[in-house]
1. Taking the beta-carbon count within 10 Å as an exposure proxy, list Val87, Val50 from fewest neighbours to most.
2. Which residues' amide hydrogens lie under 5 Å from the amide hydrogen of Ala150, considering only partners 5 or more residues apart or on another chain, with H built in the peptide plane?
3. Between Ala170 and residues 5 or more places away or on another chain, which pairs have amide H atoms under 5 Å apart, with H built 1.01 Å from N, and which residues are they?
4. Going by C-beta contacts inside 10 Å, put Ser58, Ser76 in order with the fewest on the left.
5. For the chain, with a Gaussian network of springs between Cα atoms less than 10 Å apart, report the residue from Gly187, Gly119, Gly154 with the top mean-square fluctuation.
6. Just from its helices, what would the mean residue ellipticity at 222 nm be for the chain, if runs of 4 or more DSSP H residues each count -39500 (n - 2.57) and the sum is divided by every residue, rounded to the nearest 500 deg cm²/dmol?
7. Of all beta bridges DSSP finds with both residues in the chain, what is the antiparallel percent, to the nearest 5?
8. For the chain, modelled as a GNM with alpha-carbon contacts under 10 angstrom, which of Gly153, Gly169, Gly54 fluctuates the most?
Amino acid sequence: MDFDDWEPIYEAILADFGFDRTADETVRDRAAAYATPFDLDRLDCAGDTVAVAGAGPSLEADAALARDADRVFAASTATDRLDDLGVAVDAMVTDLDKNPGTGLARTDRGAVVVAHAHGDNGDLVDEWLPRYDAAHTLVTTQAAPVDAVANYGGFTDGDRAAFLADACGAANLVFPGWDFDDPDVDGMKARKLDWAERLLHLLERRRGERFAVLDGRRDDIDAL
Ligand SMILES: Nc1ncnc2c1ncn2[C@@H]1O[C@H](COP(=O)(O)OP(=O)(O)OP(=O)(O)O)[C@@H](O)[C@H]1O
Ligand SMILES: Nc1nc2c(c(=O)[nH]1)N=C(CO)CN2
């Protein structure tokens with residue numbers, strides 16, 4: 001999704017959470033100093049089924065979805081859990097706030113990390129991006145892209161991974177580890193998950209696909 005299409009959605013997210021666009025832009029610009037151009041062909045998914053792994057409690061039960069996929073893009077802590085299950089992750093998508101050490105170990109061994117800079121993780125950006133090997137790090141923003149900092153659309157780690165898979169040419173997306181009604185999630189996290197669901201619904205419509213993870217839920221989604 002290009003920024004012109006993303007910007008009105010981004011504005012709605014900013015308004016809903018009270019996030020500050022200038023803060024997003026300030027951290028994006030700091031992140032740009034650590035970013036080098038990333039060739040998306042490295043994550044080419046043409047013709048592929050991509051598993052977009054969320055960090056919900058169902059991930060272990062859904063592991064076959066990831067194991068059987070051609071490619072796996074995983075949201076932050078889902079990366080460690082898939083690793084424990086012996087499932088290789090092609091791209092870890094993270095805003096650095098839970099398991100940044102996993103990202104460091106990945107770039108050290110040449111595995112891809114997609115690291116997101118936003119207005120509330122500036123300290124993490126400053127702490128971790130200089131340590132990550134820039135050659136294996138794709139830096140993203142939710143504000144306008146600048147220099148080597150990209151924006152493929154999406155908000156939470158998981159739905160950003162789905163928008164990235166779309167940008168990489170994925171033929172089909174499957175969603176292990178997504179639990180929108182997780183009883184252990186409340187408050188801010190639940191509101192973020194609502195946005196993730198809304199954004200996946202938007203993505204499936206743009207792609208002309210039906211994501212099984214949304215079956216039985218579409219009538220209740222506040223569509224974008
Ligand atoms: N029940 C769930 N609980 C947590 N995450 C879920 C769930 N279902 C889907 N996800 C997806 O998995 C992602 C990874 O969540 P995780 O808790 O590992 O990291 P996070 O840093 O808190 O995520 P974020 O910063 O995007 O909120 C979420 O961003 C969301 O997109
Ligand atoms: N400004 C800001 N942006 C975000 C935030 C956040 O807490 N603050 N959280 C995200 C996913 O959890 C994604 N983007």
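1. Arranged by neighbour count, lowest to highest, Val87, Val50 become Val87, Val50.
2. Val139, Thr140, Thr141
3. Here the answer is Cys45, since their amide H atoms fall under 5 Å of that of Ala170.
4. Details: Ser58 16, Ser76 25.
Fewest-to-most ranking of Ser58, Ser76: Ser58, Ser76.
5. Gly187
6. Values: 8 runs with 89 residues, N = 224.
Dividing the helical sum by the residues of the chain leaves -12000 deg cm²/dmol.
7. Working: 2 of 22 bridges.
Percent antiparallel among DSSP bridges in the chain is about 10.
8. Per the Cα network of the chain with a 10 Å cutoff, Gly169 tops the list.
Taken together, the values in this text are just the output of simple stated rules run on the coordinates, not laboratory data. Only a predicted model underlies this, so the values are computations on that prediction, with no experimental measurement involved. For neighbour counting, all protein chains shown are included, and Cβ atoms are generated from backbone atoms with ideal geometry for every residue, glycine included.
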